[in-house]
Amino acid sequence: MSRLWAYLARYRLRYAGGIACLLGSRVLAMTLPWLLGMTVDAIRSRGPVVTRYVAVIAAIAVAQAVVRTFSRFVIFNIGRDIEYDLRNDLFRHLEAQPLAFYQQRQTGDLMSRLVNDVTAVRLLLGLGILNFIDAPLAYALGLSGMLLKDVRLTVAALAVYPAAFLVVKRTSRLLMERTFRVQEGLGELSSRVQENLSGIHVVKAYACEAHEVQSFARANARFQELNLRLARVRGFIGPVMNIVGGAGVLVVLWYGGREAIAGRLSVGDLVAFIGYLGQLAWPTMALGWMLSIVQRGRAAMQRLNELFAVAPAITSPPDAIPPADVRGDIVLRGVSFRYPGRPDAPAVLDDVDLAIPAGSTIAVVGRTGAGKTTLVQLLPRLFDVDAGAVLLDGRDIRTLPLGWLRRQVGLVPQDPFPFSRSVRDNVAFALETDGNGRVEQAVRMASLTR
């Protein structure tokens, strides 16, 4: 989780401000039961200060609502900012990966991590942190107020609370495991949808719509079962927390009511005590929900860290200097290559020697799978050779700046991929400037104006 701490440290001052507001909000909230108890006692004694108490309670309630709203605004916005940073960093990291990285992973799963998992981290760092800090504050201040009113009543009211923490301890690991599996299942389901829609022309050409619908239904059923298993754990935690909170109130009403009838506790103090206990009710009942957010965020960050841990296999040397000019002599010297992740497969290229003088035109022919496309992909280092070297003007291309090298190679893929952009944007893709109207000229040459 070190990467997550780095994002938290980046916004530590804003977090400190939000937490300070949260603390102020809790302090103001804890004064309300005390003032309410004094108001009840003043009413019973027919004191003349009831109106003043009511005015003070109203003012504090408004101030508490304003400060709490501001604390939520600050902390939630930090979560949004970290979501923005994290998603940008992840996308930048993915863009730096070589083709082999994508050949070994499902596109839908990567999309799920980039969208859904980053959102889960945002909830952890926004809503999760707010409640994670707010709950201890509520317990500390609430218990202090309760103990000042009556120690024995406090002990009686909290006698059932250890059950809540025991449930949290027992279910925390299970919740984490099942949340992780749900997010993995979502990635798999997203991959199936993405692949099917991308290959819809194949599905329709072979009249496989019914088969694909049934296949998706089975995958969706597996995902539903994962969600149901997670929901059972969540569904168990919630009612337990509600029972604990309700049981505490019943104990206070029974024991505190007897103390008030006996004259050992004023009605105002009993009302104040119930108010303090009420301040603990929401953090207790929300404990299961908060635990779910935390575990979902942890599972999501674990999946994101799996991607961040993969260092780009093809990079520029740190001291790479581009040549002053390029002639264009290309030499393959003893090149051997097999695709990553297939150690037992035969080499696609085995000890290949080839010389292409600058300015010449050659054609590489061969049967399907002979390695023609692979050979071309080695020139801009879409893959790196396993043995031998590819030389450009006598220099090993692995010693050249990667971005510079790829700008020198014009590669037309076998299957063109148009982006969901305008024709102009697709034609101008990778052009830094449109000098001399090159885009319009290319559009006319390709007859794209018709």
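Rule-based calculations on the coordinates, nothing more; no lab input. Computed from a prediction, not measured in an experiment: that's the story for all the values here. When we count neighbours, we look across all protein chains shown, and the Cβ atoms used for this are built from the backbone with ideal geometry, even at glycine.
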- Task: Give the calculated FRET efficiency between Ala163 and Arg421 to the nearest 0.05, with a Förster radius of 45 Å applied to their Cβ-Cβ distance.
- Result: 0.20
- Taking R0 as 25 Å, what's the FRET efficiency between Phe429 and Asp353 from their Cβ-Cβ distance, rounded to 0.05? 0.15
- For helix 209-251, report the angle its Cα long axis makes with the longest principal axis of the Cα atoms of the chain; keep it between 0 and 90° and round to the nearest 10°. 20
- Query: Under a GNM of the chain (C-alpha, springs under 10 Å), which listed residue has the highest mean-square fluctuation: Asp89, Asp269, Asp329?
  - Reply: Asp329
- Item | Two-site FRET efficiency, Asn242 against Cys208, from Cβ-Cβ distance with R₀ of 51 Å, rounded to 0.05 | 0.55
- Task: For a quick protection proxy, order the peptides 125-135, 61-71, 413-423 by their average other-Cβ count within 10 Å, most packed first.
- Result: 125-135, 61-71, 413-423
- Model label zone, Leu99; criterion: amide N under 13 Å from point 7 Å along Cα-to-beta-carbon; scope the stretch 383-423: 383-385, 411-417
- Per residue of the chain, what 222 nm ellipticity follows from adding -39500 (n - 2.57) for every DSSP H run with n ≥ 4, rounded to the nearest 500? -21500 deg cm²/dmol
- Non-local amide H neighbours of Arg395 (under 5 Å, H modeled in plane, Pro and chain starts lacking H): which ones? none
- Item | Exposure proxy ranking, count of Cβ atoms within 10 Å, fewest first, for Trp34, Trp5 | Trp5, Trp34
- Task: Pop out the ³J(HN,Hα) list for the stretch 53-70 in order, Karplus 6.51 cos²θ - 1.76 cosθ + 1.60 with θ = phi - 60°, rounded to Hz; leave Gly and Pro as x.
- Result: 4, 4, 5, 5, 4, 4, 5, 5, 4, 5, 4, 5, 5, 5, 5, 5, 4, 5
- What's the local net charge at Glu259, with K and R +1, D and E -1, over the other residues with C-beta under 10 Å away? +1
- Roughly speaking, what is the centre-to-centre gap between the stretch 4-39 and the stretch 307-381 when only Cα atoms are used, to the nearest Å? 59
- Using θ = phi - 60° and the Karplus curve 6.51 cos²θ - 1.76 cosθ + 1.60, what whole-Hz ³J(HN,Hα) does each residue of the stretch 133-142 get, with Gly and Pro shown as x? 8, 5, 4, x, 4, 4, 5, 5, 6, x
- Helix 287-308: angle to the longest alpha-carbon principal axis of the chain, degrees 0 to 90, nearest 10? 20
- Message: Compute the angle between helix 12-44 and the longest alpha-carbon principal axis of the chain, please, reported from 0 to 90 degrees and rounded to the nearest 10.
- Response: 20
- Item | Residues with amide H under 5 Å from that of Ala387, placed H, sequence gap 5 or more | Ser336
- Note on the structure: Output row, site Asn88, 7 Å Cα→C-beta label point, backbone N cut-off 17 Å, window the stretch 105-135, residues 115, 118-119, 122
- Query: Per residue, what volume in Å³ does the convex hull of the Cα atoms of the stretch 330-417 enclose?
  - Reply: 121
